[in-house]
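Asks: Handing you this structure, nothing more for now.
All of the numbers you see were taken from the coordinates with simple rules; none came from a lab. Computed from a predicted structure; not experimentally measured. Cβ sites come from the backbone with ideal geometry, for glycine too, and all protein chains shown count toward neighbours.
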Amino acid sequence: MRLRVKDPNPGSTGTPKGVVITHDNVRHFIEWAVGYFGTAATDRISGHPPLHFDLSTFDIFGTFTAGAELHLVPPELSLLPHKVAELIRVAELTQWFSVPSVLNYMAKFDVVRSGDFPSLRRVLWCGEVLPTPSLIYWMRRLPHVTFTNLYGPTEATIASSYYTLPACPASEDEVIPIGRACAGEELLVLDDALRPVPLGEVGDLYIRGAGLSPGYWRDADKTRGAFLPYSGSAGPADRIYRTGDLATLGTDGLVRYLGRADFQIKTRGYRVELGEIEAALHALGTLRECAVVGAQSRDFDGTAICCAYVPADPATVTPATLRAALAAVLPPYMVPSRWRMLDALPKTSNGKIDRRPLQEQFAAEGVEAAV
Amino acid sequence: MSVDASLETELAALFADELHVTVPSRETDLLATGRLDSVGLVELLLQLEKHFGVRVDIERLELDQLRSLAAIATFVAARLRRRAEGAAAD
């Protein structure tokens with residue numbers, strides 16, 4: 001019997017692809033997590049929608065494994081940060097497993113009081129990088145709470161590594177490690193020939209172990225491309241999953257995430273292939289050139305999707321017409337929020353579009369800028 | 001056209017132009033259909049202040065006040081009325 005969980009990641013076709021997660025995958029993670037966090041029958045744990053996110057299996061089955069209480073967060077509540085805080089307060093939650101976009105939003109509206117949520121023991125997050133300023137906001141107000149960063153793509157089930165903050169980060173620039181592998185899993189930082197890179201050097205991050213999905217739903221090609229046989233394997237079934245993330249393994253034994261090896265970004269919890277947005281823009285037939293980049297905002301907002309474009313006819317093409325046309329073919333979270341019209345896009349010496357200066361320009365504009 | 005109906009038209013234009021969200025009808029559930037997310041809500045509050053001079057305290061907002069164009073229009077109209085009455089009383 002298998003539990004199929006749909007990952008919110010549109011594949012190259014633009015339609016969401018399914019990742020098969022087995023009951024055993026989930027059970028392994030939960031056994032580790034319940035032991036590591038010391039989940040007990042006295043716990044009062046948040047359960048977040050949507051249920052097609054694999055994280056919900058931990059909320060639900062992790063809670064019931066320990067005989068604890070599950071408190072479902074109404075799906076629309078996350079619009080109102082004060083109400084989310086009120087729910088944690090009134091329900092006297094002991095564990096809040098959230099995503100960075102919700103934690104950021106609550107920090108942005110400053111809804112957490114000093115010493116708030118006295119019953120709360122653990123804040124966990126997963127799914128994307130939590131900006132360090134946001135983490136500092138939370139940790140300063142809640143010194144009685146333990147904060148744990150969980151990392152892992154759906155393809156390796158819920159999370160594959162963890163890092164519990166020993167103390168509040170000293171500076172807003174600090175990179176929070178994704179930490180160490182959960183029991184039964186392994187994080188490998190490898191080079192192109194799948195050999196481990198020296199400590200401290202950047203490599204591709206692979207995951208091995210009990211969390212690995214059997215593969216994508218009805219997509220053997222894609223499965224073969226992402227789940228590779230591993231030569232250091234103990235048996236024929238041993239595989240590694242290529243995350244597409246870049247990372248380092250430090251002398252402290254901790255793994256740090258550095259970014260993507262491709263043009264994929266995470267925004268508001270969704271994995272987005274920037275190339276797919278560019279393809280949709282090109283298909284409109286109204287642009288001479290375009291480039292879509294992710295720009296990190298300076299405060300709590302995370303990554304914004306930004307588009308620089310050269311219109312065929314500047315008189316008829318505006319950000320509003322482009323947005324409307326894209327909204328008809330892409331889900332809302334993939335429609336760029338910031339636009340810039342240019343006479344030509346910057347190019348590298350070999351003639352490719354140079355995304356770096358575009359990214360820097362958008363980042364320099366800050367979060368308020370919208371054309 | 002009643003005050004609320006013209007408000008609804010203005011709001012629909014505001015959703016289209018500023019939030020880049022198409023709203024098929026005045027009763028469309030903006031929350032259930034995912035048309036209004038947290039980023040959109042922040043933008044909406046900004047635009048309500050800009051266009052109508054209505055400052056909304058997010059702390060006192062209820063989800064049902066945001067559920068549809070009709071609901072938002074009723075909410076904005078009440079705020080505008082209250083402000084007008086306040087001004088008349090002065």
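Asks: With a cut-off of at most 12 other beta carbons within 10 Å, and DSSP calling the residue loop, which chymotrypsin sites (Phe, Trp or Tyr not before Pro) in segment A:160-249 qualify? Please list them.
Replies: Details: sites: A:162, A:163, A:206, A:216, A:217, A:227, A:230, A:241; in loops: A:217, A:230.
Answer in residue order: no site qualifies.
Asks: Would you kindly derive the ³J(HN,Hα) couplings of segment B:39-48 from the backbone phi angles with the Karplus curve 6.51 cos²θ - 1.76 cosθ + 1.60 (θ = phi - 60°), listing them in order in whole Hz, with x for Gly and Pro?
Replies: Ordered by residue, 3J(HN,Hα) equals 5, x, 5, 4, 5, 4, 4, 4, 5, 4 Hz.
Asks: Taking only the alpha-carbon atoms of segment A:142-251, what semi-axes of the equivalent ellipsoid follow from 5 times the gyration tensor eigenvalues under a square root, in whole Å, largest first? Don't skip to the end; give the middle numbers.
Replies: On the way: eigenvalues 155, 56, 29 Å².
For segment A:142-251, the semi-axes come out at 28, 17, 12 Å.
Asks: In straight Cα distance, which aspartates and glutamates are under 20 Å from residue A:222, not counting same-chain residues fewer than 8 positions off?
Replies: A:7, A:54, A:155, A:192, A:204, A:238, A:245, A:262, A:273, A:276
Asks: Under a crude label model (7 Å from the Cα following the beta-carbon direction), how far is residue A:283 from residue B:17 in nanometres?
Replies: 3.0
Asks: When you look at the Cβ of every residue in A:203-213, what mean number of other chain Cβ atoms sits within 10 Å? Write out the running numbers ahead of the final one.
Replies: Working: counts 0, 0, 0, 0, 0, 0, 0, 0, 0, 0, 0.
Average neighbour count from other chains, rounded to a whole number: 0.
Asks: Another question, then. Please give the calculated 222 nm ellipticity per residue for the protein assembly as shown, where each DSSP H segment of at least 4 residues contributes -39500 (n - 2.57) and the sum is spread over every residue; nearest 500 deg cm²/dmol? The partial results should precede the final answer.
Replies: Details: 11 runs with 130 residues, N = 461.
Theoretical 222 nm ellipticity from helices: -8500 deg cm²/dmol.
Asks: Also, quick follow-up: Tell me, what are the semi-axes, in whole angstrom and largest first, of the equivalent ellipsoid of chain A as set by the roots of 5 times the Cα gyration tensor eigenvalues?
Replies: 34, 26, 20
Asks: If you don't mind, another one. Do any GluC sites (Glu not before Pro) in segment B:25-63 lie in a DSSP loop with no more than 13 other beta carbon atoms within 10 Å, and if so, which?
Replies: Working: sites: B:27, B:43, B:49, B:59, B:62; in loops: B:27, B:62.
Hits after loop and neighbour filter: B:27, B:62.
Asks: Please say if segment B:3-89 is rounded, prolate or oblate, where rounded means a/c under 1.5 for a ≥ b ≥ c the square roots of the C-alpha gyration tensor eigenvalues, and otherwise the choice is prolate for a/b larger than b/c and oblate otherwise? Mind showing how you got there, number by number?
Replies: Working: a/c = 1.75, a/b = 1.54, b/c = 1.14.
Since a/c reaches 1.5 and a/b is larger than b/c, the shape of segment B:3-89 is classed as prolate.
Asks: If each residue's Cβ is checked for other Cβ atoms within 10 Å, how do A:278, A:174 rank with the fewest at the top? Kindly include the intermediate steps, with their values, before the conclusion.
Replies: Working: A:278 20, A:174 12.
Arranged by neighbour count, lowest to highest, A:278, A:174 become A:174, A:278.
Asks: Related question: Report, ordered by chain and residue number, the lysines lying within cross-link reach of residue A:108, taken as a straight Cα distance under 21 Å and ignoring same-chain residues fewer than 8 apart.
Replies: Result set, ordered by chain and number: A:83, A:266, B:50.
Asks: Hand me the trypsin sites (Lys or Arg not before Pro) from segment A:199-274 located in a DSSP loop with no more than 16 other Cβ atoms within 10 Å, in residue order please.
Replies: Those satisfying the criteria are A:218.
Asks: Hey, got the average number of other protein chain Cβ atoms within 10 angstrom for residues in B:15-21?
Replies: Working: counts 0, 3, 3, 2, 1, 12, 5.
Average per residue, whole number: 4.
Asks: Quick query: amide H of residue A:339 versus all other amide H atoms, modeled in the peptide plane; which residues come in under 5 Å with a sequence gap of 5 or more or a different chain?
Replies: A:307, A:371
Asks: Taking the simple approach of a point 7 Å from Cα along Cα-to-Cβ for both residue A:296 and residue A:347, what is their distance in nm?
Replies: Simple spin-label model gives 3.1 nm for this pair.
Asks: Using a 10 Å cut-off on Cβ to Cβ distances, tally the other chain neighbours for every residue of A:313-323 and report the average as a whole number. Please list the in-between numbers first.
Replies: On the way: counts 0, 0, 0, 0, 0, 0, 1, 4, 0, 1, 5.
For peptide A:313-323, the averaged partner shielding equals 1.
Asks: Evaluate the charge dipole of segment B:3-89 about its Cα centre and quote only its size in Debye, nearest 20, assuming +1 on the Cβ of each Lys and Arg and -1 on the Cβ of each Asp and Glu.
Replies: Numbers: 10 positive and 15 negative charges, 56 e Å.
Once rounded to the nearest 20, the dipole reads 260 debye.
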